[in-house]
Amino acid sequence: MCEYWSTVHGRQSTAGDLWDQPFEGCARGMQSNIVTTLLKNPQRVGPLEKHRTGRGLWTMVCGLFLLLSVNVRAQYSGYRSVADLASFKKEFALQSAKINSVTSNFTQEKVLTALTEKITSSGNFRFKRSNKVRLEYTTPFSYLMIMNGDKMMVKDEQKETRVNVKSNKLFQQINRIMIDCIQGTILDSKDFSTRVFENDKSYLLEMTPASKSLKDFFKTIVLTVEKKDYSVRSIEMNEPSEDRTVITFTDKKLNEQIADEVFKL
Amino acid sequence: MRYLSFSLILCLGCASDYKALQASSPDEACIARLKPSGLATAWYDASIDVVGHHISGLLLIKNMPDSSNRIVFTNEAGFKFLDFEFAPGGGFKVHHVVKQLDKNPVIRLLKKDFSLMLGIPFKKGPWQAWQKGDAYFYGVRQKKEMHYFITDKECASLQRVESGSDRKRVVSLTFHGPDAQKPDSIRLTHHTFAMQIGLKKLARE
């Protein structure tokens, strides 16, 4: 059993699948709204089909309205599509490359939608090019995560654990996504298909996972980027269950000197 | 000599944790006052240690409007490990569990542990009672298992909760803090293998 726990904590399981039988009571909490259900499963429309001949036009209008509703919502309030994606991509990479370090505070809000619960935590964040990240939660609990190259260290209130990121594919992916987001190379990532929107002050990158392994965890990741300096303002991780985690960065200082000691494992 | 040592180890292994209990008559007033009657909605800083492996995160205990209880365990960054539902009629449902934990024995074990924390085995009797020194044991049977809550002689405070067979203690559970429904901390210990769950209540904004 301990091998299953260990995989959660980052080590590869070596025990094999001793318990391959799925648990009978297991019902994964995938919630779907009616629009998604209708669009994904037209065969389940049922009652509409019965009146197709008499109400074909009406059905078409309703369908169009639904599609438009979805589209308007997906466009994000106050944002418009970026017309020239190629030039944005080029500028994003160029400007992000100028960011050599980030020092910031952050607030994290975890929302459990079905349970109408949320918990807010906060702490500080450090990034140093090219692959050093320090994320420290200070309130209402203490937790420290440092990534330095292929090495990672997590420290909670009781224990320090060191992990070689290379030993775990999921950790590798998360590590790469985090670095890609900060370094402005996420648009080149094969892990996501990305749509880009903008308003006067910021860009919004909606990233949809391409691989099944990431789709299990995220429906989308929405990144808000400041237009003035191309730094990340917030990261919103939306799960298939409609739960979400939003990390908002405040008091950002770019390109300040950060000692390597800060990322010591 | 070797045979003697081996026999001694065997005898120690077979020693009953509940042998010294003296049967007593249940004090209904004490049962009503101190029996574990569930936990209120709260977030906890959680750590689970299993045979040398350590997982930390945040655990939510949530009382739902339909009187069911949900237990959600996420890591600090919000990644959800599990979401279990305990229905008021005794039902149990897994709303979400990560692939690595989606194994029948793991879910069964966690179900039992969280069920004990929520006081579910103590919802109804019949009650039995025993005395051991200054401690009073109140027990309910569930199939082959016995679940006990243990009070002091005066029935002034709940000392701990235990779960096991007639002879062996398998799990013990302690609650700390003045509010029984919202304890400041909770510690669950398995006695048949190295597993501990520690919870520390988080301050809400």
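The values are calculated or read from the model by the stated rules, or taken from the named source; none is laboratory data. The model shown is predicted, which means the values in this text are computed figures rather than measured ones. Here the Cβ is made from the backbone with ideal geometry for all residues, glycine too, and neighbour counts use every protein chain on show.
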Taking the stated definitions as given, is B:Q131 without any contact (Cβ under 8 Å) to a residue 40 or more places away in the chain and surrounded by fewer than 19 Cβ atoms within 10 Å (Cβ to Cβ)? no
Across the stretch B:179-194, what is the number of residues that are at pLDDT 95 or above and aliphatic (A, V, I, L, M)? 2
Of (1) crowded, with 18+ Cβ neighbours inside 10 Å; (2) over 20 Å from A:T107 (Cα atoms); (3) not hydroxyl-bearing (S, T, Y), A:D243 satisfies every one except (2)
Can you tell me which residues in the stretch B:57-69 are at the interface with chain A (Cβ under 9 Å from one of its Cβ atoms) and closer than 27 Å to A:T248 by Cβ? B:G57, B:L58, B:L60, B:K62
Only residues in the stretch B:143-157 that are in contact (Cβ under 8 Å) with a residue 40 or more places away in the chain count as the first member; pair them with residues that are of a type in the set (V, I, T), Cβ under 7 angstrom, at least 6 apart or cross-chain, and list the lot. B:F149/B:V161; B:S157/B:T151
Of residues in the stretch B:70-98 being within 9 Å of chain A (Cβ to nearest Cβ) and of a type in the set (D, E, K, R), the one nearest to B:S56 (Cα to Cα): B:E76
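How many residues are within 14 Å of chain B (Cβ to nearest Cβ), in contact (Cβ under 8 Å) with a residue 24 or more places away in the chain and either over 13 Å from A:A210 (Cβ atoms) or among the aliphatic types (A, V, I, L, M) (or both) when one looks only at the stretch A:152-180? Lay out the reasoning, then the answer.
First pass over the stretch A:152-180, keeping only residues within 14 Å of chain B (Cβ to nearest Cβ): A:152-163, A:168-171, A:173-175, A:177-178.
Then keep just the ones that are in contact (Cβ under 8 Å) with a residue 24 or more places away in the chain; that gives A:152-153, A:161-163, A:168-171, A:173, A:175, A:177-178.
From the residues that got through so far, the ones that are either over 13 Å from A:A210 (Cβ atoms) or among the aliphatic types (A, V, I, L, M) (or both) too are A:152-153, A:161-163, A:168-171, A:175, A:177-178.
Counting residues in the stretch A:152-180 that are within 14 Å of chain B (Cβ to nearest Cβ), in contact (Cβ under 8 Å) with a residue 24 or more places away in the chain and either over 13 Å from A:A210 (Cβ atoms) or among the aliphatic types (A, V, I, L, M) (or both) gives 12.
How many residues are within 21 Å of the chain's Cα centre (by Cα) and either in a loop (DSSP other than H, G, I, E, B) or under 30 Å from B:N69 (Cα atoms) (or both) if we restrict to the stretch A:100-124? Don't jump to the end; show me each part of the working.
Kept after step one, since they are within 21 Å of the chain's Cα centre (by Cα), are these residues of the stretch A:100-124: A:102-124.
Those left that are additionally either in a loop (DSSP other than H, G, I, E, B) or under 30 Å from B:N69 (Cα atoms) (or both): A:107-122.
The qualifying residues number 16.
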Does A:F263 satisfy the criteria of being among the hydrophobic types (A, V, I, L, M, F, W, C) and over 20 Å from B:V98 (Cβ atoms)? yes
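Taking the stated definitions as given, is A:M207 surrounded by 16 or more Cβ atoms within 10 Å (Cβ to Cβ) and either more than 21 Å from the chain's Cα centre (by Cα) or within 14 Å of chain B (Cβ to nearest Cβ) (or both)? Spell out how you get there, then give the answer.
Working: surrounded by 16 or more Cβ atoms within 10 Å (Cβ to Cβ): yes; either more than 21 Å from the chain's Cα centre (by Cα) or within 14 Å of chain B (Cβ to nearest Cβ) (or both): no.
When the stated conditions are applied, A:M207 does not pass them.
Say whether the condition of being among the aliphatic types (A, V, I, L, M), more than 21 Å from A:G123 (Cα to Cα) and at pLDDT below 90 is met by at least one residue in the stretch A:191-209.
Of the stretch A:191-209, the ones among the aliphatic types (A, V, I, L, M) are A:196, A:204-205, A:207.
From what's left, more than 21 Å from A:G123 (Cα to Cα): A:196, A:204-205, A:207.
Next, only the ones that are at pLDDT below 90 stay: none.
Looking through the stretch A:191-209, none of the residues is among the aliphatic types (A, V, I, L, M), more than 21 Å from A:G123 (Cα to Cα) and at pLDDT below 90.
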Failed condition for B:I107, given (1) at the interface with chain A (Cβ under 7 Å from one of its Cβ atoms); (2) touching a residue at least 40 places away in the same chain (Cβ under 8 Å), with all others met? (2)
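Might you check whether a residue that is more than 24 Å from A:K253 (Cβ to Cβ) and within 14 Å of another protein chain (Cβ to nearest Cβ) occurs anywhere in the stretch A:134-141?
Within the stretch A:134-141, the first condition is being more than 24 Å from A:K253 (Cβ to Cβ), and the residues that meet it are A:140-141.
Narrowing the set further to residues that are within 14 Å of another protein chain (Cβ to nearest Cβ) leaves A:140-141.
There is at least one residue in the stretch A:134-141 that is more than 24 Å from A:K253 (Cβ to Cβ) and within 14 Å of another protein chain (Cβ to nearest Cβ).
For the stretch A:134-173: of the residues being among the β-branched types (V, I, T) and surrounded by 18 or more Cβ atoms within 10 Å (Cβ to Cβ), which is farthest from the chain's Cα centre (by Cα)?
Kept after step one, since they are among the β-branched types (V, I, T), are these residues of the stretch A:134-173: A:138-139, A:146, A:154, A:161, A:163, A:165.
Next, from what is left, pick out any that are surrounded by 18 or more Cβ atoms within 10 Å (Cβ to Cβ): A:146, A:154, A:163, A:165.
Numbers: A:I146: 19, A:V154: 20, A:V163: 22, A:V165: 19 Å.
Here the answer is A:V163.
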What is the residue count in the stretch B:153-165 for residues that are of a type in the set (D, E) and either surrounded by 14 or more Cβ atoms within 10 Å (Cβ to Cβ) or modelled with pLDDT of 95 or more (or both)? 1
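Would you point out which residue out of B:S24, B:S47 is hydroxyl-bearing (S, T, Y) and more than 17 Å from the chain's Cα centre (by Cα)? Working first, answer last.
Numbers: B:S47 fails: more than 17 Å from the chain's Cα centre (by Cα).
B:S24 is the lone residue from the list that is hydroxyl-bearing (S, T, Y) and more than 17 Å from the chain's Cα centre (by Cα).
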Between residues in the stretch B:184-197 that are closer than 16 Å to B:G164 by Cβ and residues that are at pLDDT 95 or above and outside any strand (DSSP E or B), which pairs lie under 8 Å by C-beta distance while being six or more apart or on different chains? B:L188/B:D113; B:L188/B:L116; B:L188/B:M117
